[in-house]
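Bear in mind these aren't lab numbers, they're just calculated from the coordinates by the rules spelled out. Because the structure is a prediction, the values reported are computed rather than measured. Here the Cβ is made from the backbone with ideal geometry for all residues, glycine too, and neighbour counts use every protein chain on show.
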Amino acid sequence: MREIGVGILGFGTVGAGVVEGLLQNGELIAGRCGIRPVVKRIADLDIVSDRGLAIPAGVLTTDAAAVIADEEVDIVVELVGGTTIAKQFTEQALAMGKPVVTANKALLADHGAELYALADERDTGIYYEAAVGGGIPVLRAQREGLIGNRIEHIFGILNGTCNYILTRMELEGLPFDEVLADAQALGYAETPPDLDIDGIDTAHKAVLLASMAYGAPVPMEACPTSGIRGLSKEDILNADELGYRIKLLAIIKQLDDAVELSVEAALVPKSAMIGSVNDSFNAVFMKGDIVDDTMYYGRGAGRLPTGSAVISDIMEAAADVIQEAGTPTGITMMREREVLSYLPADEVRKRCYLRLSLADEPGAMAQVMHVLGEHSINVASVVQKEQHSDGLVPVVVLTEQARERDFCEAMKRIVGLSICLAEPVRFRLEDFEDEGC
Ligand code: HSE
């Protein structure tokens, strides 16, 4: 049976998951593929810590360049993370004509175009299934299963850390920081976790999905991004009472003449499938013009789920190496190369949840309603509770769809009203009435 040599750069959470998966199922994989993946070398700065895995002598090294150059290494697996050293290693491997498998969404979101070009030039490929959706083979589904479709929309819960935090805050009433610490201990979070919490990790994944869908590298600047930092229990409770959950969403929509793209925390109906995606699970809802609605679900983070996706890429790269397939055009990106225009954030139409803290005095509510009306924001429901603390009246408003610019202007005016006693809170609300989510 043909052997293929694998060199792994980075022996952290995911690196160890890949090795564990190959040790556990290497024979099974070899039997299925007719190719035996063999881990020849592993590079990490720490070659001392016990990962609980039996690694043969001589495999571990601190010298990544030696792993890349090793003649027995046919495929380089980049699991270093970050965008500096990881980029150098990726370039070194590609320059030598070796395919690179990576889970590094930040690297591809920031430098994908130049790395794909280098891979093209050297007639090899970059494989990155693990970069989006952890263990869910969503990119493979997109580039193979949906190849005949124009993608109409993609909605995704793409960050395991945030989804884990949101789920435990909601179901167990735990504070944000405590749950974040658990997510880190479970190996879900990026280093630093700010990339998760502030939505940047989700945005990296969203631009990769959008690039794959629309055939052009999508710049990060095209994706207005916010996260879940500072999310309060109060908003989770309010959402719950109104029949919603708060989820960090990636939203990608093909409109008539532009693509709408954003990452933001949003209220989603509990009754929708997307509202039932909990813990570190991710889900991607993708609609094609021929296939209609499709859904992909699974563990979005963690050692073995991400390891599973990396292994699938190792085997695809191995088959390409053996068949001398050269640049796998459908993997590095779709080749349509449409020039895309992105809907400016101000122009996006959305529903919103507003939480206001108003003074307990006659006409306070009327003033707010007047401002919303003047900015063409139609109110769908208002809840004002009788429990007041410190003279503040909490008011929750759900709106119909309006333009983001109108929301921004209305909120500025509301903040300026003397009856507005604390900074208002605003989230998008997606009811998915017309989408199969
Ligand atoms: N930090 C990421 C997450 C890991 O929580 O989803 C997978 O990309």
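Using the 10 angstrom Cβ neighbour count as an exposure proxy, how do THR399, THR84 rank, fewest first? Kindly include the intermediate steps, with their values, before the conclusion.
Details: THR399 22, THR84 9.
By the 10 Å Cβ count, ascending, the order reads THR84, THR399.
Across the Cα atoms of the range 108-231, what radius of gyration and what greatest pairwise Cα-Cα distance (Dmax) are found, in Å?
Just the Cα atoms of the range 108-231 yield Rg and Dmax of 16.2, 53 Å.
What does the net charge come to around ASP431 if you take all other residues with beta carbon closer than 14 Å to its beta carbon, with K and R at +1 and D and E at -1? Walk me through the numbers on the way to the answer.
Working: positive: ARG245, LYS247, LYS270, ARG349, LYS350, ARG351, ARG428; negative: GLU400, GLU430, GLU433, ASP434, GLU435.
With Lys, Arg at +1 and Asp, Glu at -1, the neighbours total +2.
Gap in Å between the Cα centre of the range 399-437 and the Cα centre of the range 29-95?
49
Compute the signed sum of charges (Lys and Arg +1, Asp and Glu -1) over the other residues within less than 12 Å, Cβ to Cβ, of MET220. Don't jump to the answer; show the numbers that get you there.
Numbers: positive: LYS105, LYS205; negative: ASP110, ASP201, GLU221.
Every neighbour counted, the sum reads -1.
Restricting everything to alpha-carbon atoms, can you work out Rg to Rh for the chain with a Kirkwood hydrodynamic radius? Can you show the working numbers first?
Numbers: Rg = 23.8 Å, Rh = 23.1 Å.
When Rh is taken as the Kirkwood radius, the ratio is 1.03.
Helix-only estimate, please: 222 nm mean residue ellipticity of the chain, summing -39500 (n - 2.57) across DSSP H runs of length 4 or more and dividing by its residues, to the nearest 500. Before the final figure, lay out each step's value.
Numbers: 13 runs with 153 residues, N = 437.
Rounded to the nearest 500, it is -11000 deg cm²/dmol.
I'm a student and want to see the number: the projected area of the Cα convex hull of the range 11-62, averaged over all directions, in nm². Let's see the in-between values first.
Working: hull surface 14.4 nm².
Seen from a random direction, the Cα hull of the range 11-62 projects 3.6 nm² on average.
Fewest to most neighbouring Cβ within 10 Å: what's the order for HIS111, HIS204, HIS370? Present the calculation step by step, with values, prior to reporting the outcome.
Values: HIS111 18, HIS204 28, HIS370 12.
Fewest-to-most ranking of HIS111, HIS204, HIS370: HIS370, HIS111, HIS204.
Under a plain spin-label model, where a point goes 7 Å from the Cα along Cα-to-Cβ, how far apart in nm are GLU423 and ALA141?
Those two pseudo-labels are separated by 3.7 nm.
Arranged by the count of other C-beta atoms within 10 angstrom, fewest first, what order do ASP235, ASP123 take? If you can, show how the numbers build up before the last one.
Details: ASP235 19, ASP123 12.
In increasing order of surrounding Cβ atoms, one gets ASP123, ASP235.
In cubic angstrom, how much convex hull volume per residue do the alpha carbon atoms of the range 118-190 span?
Numbers: hull volume 10.3 nm³, N = 73.
It comes to 141 Å³ per residue, whole-number rounded.
Grab the Cα-Cα distance for LEU255 and ASP431, subtract it from 0.36 nm times how many residues apart they are, and report the gain in nm with one decimal. Show your work: numbers first, answer last.
Values: separation 176, 0.36 × 176 = 63.36 nm, distance 1.80 nm.
Extra length from LEU255 to ASP431 when fully extended: 61.6 nm.
Hey, what's the Cα Rg ratio for the range 138-299 versus the globular rule of thumb, 2.2 N^0.38 Å? Write out the running numbers ahead of the final one.
Numbers: Rg = 15.6 Å, N = 162, 2.2 N^0.38 = 15.2 Å.
The range 138-299 yields a ratio of 1.03.
Does the range 345-429 classify as rounded, prolate or oblate by the C-alpha gyration tensor (a ≥ b ≥ c root eigenvalues; a/c under 1.5 gives rounded; else a/b over b/c gives prolate, otherwise oblate)?
Prolate shape, in that a/c is at least 1.5 and a/b is the bigger ratio.
Using the alpha-carbon centroid of each, what span in Å lies between the range 125-144 and the range 276-320?
Comparing the Cα centres of the range 125-144 and the range 276-320, I get a distance of 6 Å.
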